[in-house]
Amino acid sequence: MSKADSTLPWNREFYRRSPMFTPLVRRALQFQQFEQDWPTLKAYQEALNSSTNSLCNMNGGKITVVPHAVKTGEFGNRYEPRIYLEGELQIRSENWHDYFNLLVWMTFPKSKALLNARHFVESKLADSQSNRNASQDLLTLFDESGVIVVSSSVELTSLLREHQWKELFWSCRQRVREEMRFYLFGHALYEKALRPFIGITGRCVFLAKDQPFFAKGLEEQIGILDENVSEYISAIDPAQSSATIPPLPLLGVPGWCAENEIVSYYENETHFRKKRTNTVP
């Protein structure tokens, strides 16, 4: 197993590699006509335009795909301000990182728009104070590496928070399958999932749901999660530390790699690390 690499060749059926890609499948199917070559920026825009979700920034401006270009000078020329002020989503051609960012925008449009708005406000504040605040780190961490953890069990959620990995993923394995779901949000995680490696770690936002949630179709689940995550992002306090979104070793999730079908897999403490005593719960 090796680390992610944005130079990997185009594969229109990347989502068949792992259940980790499940949230993106419907959007990825919009690019199936591209058998050998990467989609064009025009194709990306056409996919945005045909999306059933509302793809706008928090100002109500339509999200438009533009080529990636570094602009210096004014604050408004930066990456996040350009999305917030102009609706311009910069994308590099033939780049997995940016492709996954686009797919996440299409999958979780409310959450991504609100993340962008919070990035804009917090970065503008940090500029005026010449100091980056804690919530900027948290927003970036979730944007790149976030995982939405849904559970109907307080007990299982507590095991995850306390880093009781073996008990959670092995002793309670069947319960995890029945009472928990894991949805990748961060586009950097999706890129890493192309070639997953020991140590790949997401950062969790927890949502408590009753059992009927798990019986809903995937698209209905995602719509609910988009609403819930946008509410979470809106409520983030500027002083909130990134330690409040705990780690999740992704390859421990049952079914997410073949190696975790034996108990000894969870005894690797280099990957399944114990909780530090000074970690914020």
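Which of the helices (runs of 4 or more DSSP H) found entirely inside region 28-128 contain at least 3 residues meeting this: in contact with an Asp or Glu (Cβ under 8 Å, 6 or more places away or on another chain)?
It comes to 96-107.
Any residue at all in region 145-154 that's assigned by TED's automatic domain parsing to the domain that holds residue 222 and free of Cβ contacts under 8 Å to residues at least 24 places away in the same chain?
No, the conditions are met nowhere in region 145-154.
Mind telling me which of the residues 227, 162, 219 ends up being of a type outside the set (S, T, N, Q), closer than 25 Å to residue 17 by Cα and surrounded by fewer than 17 Cβ atoms within 10 Å (Cβ to Cβ)?
The conditions single out 219.
Assess whether residue 276 counts as being within 21 Å of residue 101 (Cα to Cα) and assigned to a loop (DSSP other than H, G, I, E, B).
So residue 276 does not fit the description; no.
Could you tell me which numbered condition residue 56 fails, if it satisfies all but one of (1) surrounded by 17 or more Cβ atoms within 10 Å (Cβ to Cβ); (2) within 23 Å of residue 142 (Cβ to Cβ); (3) touching a helix residue (DSSP H, G or I) at 6+ places or on another chain (Cβ under 7 Å)?
It is condition (1) that residue 56 fails.
Among the residues of region 216-267, which ones are touching a residue at least 60 places away in the same chain (Cβ under 8 Å), of a type in the set (D, E, K, R) and assigned to a helix (DSSP H, G or I)?
Listed by number, the residues that qualify are 219, 226, 227, 267.
The values are calculated or read from the model by the stated rules, or taken from the named source; none is laboratory data. Keep in mind that this is a model prediction, so the values were computed, not measured. As a convention, Cβ positions derive from the backbone with ideal geometry for all residues, glycine included, and neighbour counts pool all protein chains shown.
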